[in-house]
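Peer 1: Below is one structure. I have some questions about it.
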Amino acid sequence: MSKSGALCLLLAIGASMVACERPKIKDTHGNLLVKISDIPIGSCGDDSYFGLGIMDGGLEECDRWKKETVDPEYEEYKCKVLRFHAKVKDGKCVCEDKWKGPICNEYHGCQTGETLRAPSGLIGGKPATQQSCTPHMCDHNGTIAVGKKEIECICPPPWDGRLCERLACWRKTIPTQQHRYRNNGDHCICGNHYSGENCDIVKSCLNNGQLIDGKCKCPDHWHGELCDKRCPKGQVTCSTCSSFISGALFTIILLFVNKFNY
């Protein structure tokens, strides 16, 4: 067996042993989201977590918090990135009226630690507007976190969005197989070219590919599970192994990232 073939086989075994789902664990800039619950309280020393600490009752970036003088730029940044309901008042970032907590997401009038918000989804065909107290800021069992842009949630598949309010069925599988599922209201169904309980049975191909024994045989210049990917310029055919390797490596790496961040 060739080295490339052996590598394909090894990665196939590894990929089959791990989940292919992709939780939302990064912000829109590609930075890992840090769970608020993991950030130390009262410590901004060498043991700070991702350079963050909860100091004097508020979430802070340790290096900037340690400065002796008030930095107007940091106060603006803090209200935008490290708080949820906050404003700059007299040069300092403070929680808006009736809001409190390290990230200004706890509502006065609710129980300790609870927030006030309307549920996601539709009621009677329209977005919900009635707000109520809830212990969970994130929808669908998400986890409150902070990135480099704003306070948002780590989301389990197949959810996405700042508060895990948006269905994203592509998160149920690896990038090279993301057409297996599609959104259907508030749940996922198989994509147009797939069937089966796990949407892993190919039933038709793209770009004049031929379905043979459950797999697509692609014409010249095309490859991929559905013959949906064009070969690099100048190549008539291209290896399916290379695309599989990238997907398998992505899955294995994601497994280790999830272990520590999800």
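Read the figures in this text as sums done on the coordinates, not as results from a lab. Predicted model, so just to flag it, every value in this text is computed and none were measured. Please note: Cβ atoms are built from the backbone with ideal geometry, for glycine as well, and neighbour counts cover all protein chains shown.
Peer 1: Would you mind getting me the FRET efficiency between residue 215 and residue 29? Use the beta-carbon distance for r and R0 = 45 Å, nearest 0.05. Before the final figure, lay out the partial values.
Peer 2: Details: r = 38 Å, r/R0 = 0.84.
Once rounded, the FRET efficiency stands at 0.75.
Peer 1: Per 0.36 nm of contour for each residue apart, how much would the distance between residue 133 and residue 235 grow if the chain were fully extended, relative to their Cα-Cα spacing?
Peer 2: Working: separation 102, 0.36 × 102 = 36.72 nm, distance 5.88 nm.
My answer for the length gained is 30.8 nm.
Peer 1: What distance in nm separates the simple spin-label points at residue 76 and residue 63, each placed 7 Å from Cα in the Cβ direction?
Peer 2: The modelled label-to-label distance comes out at 2.0 nm.
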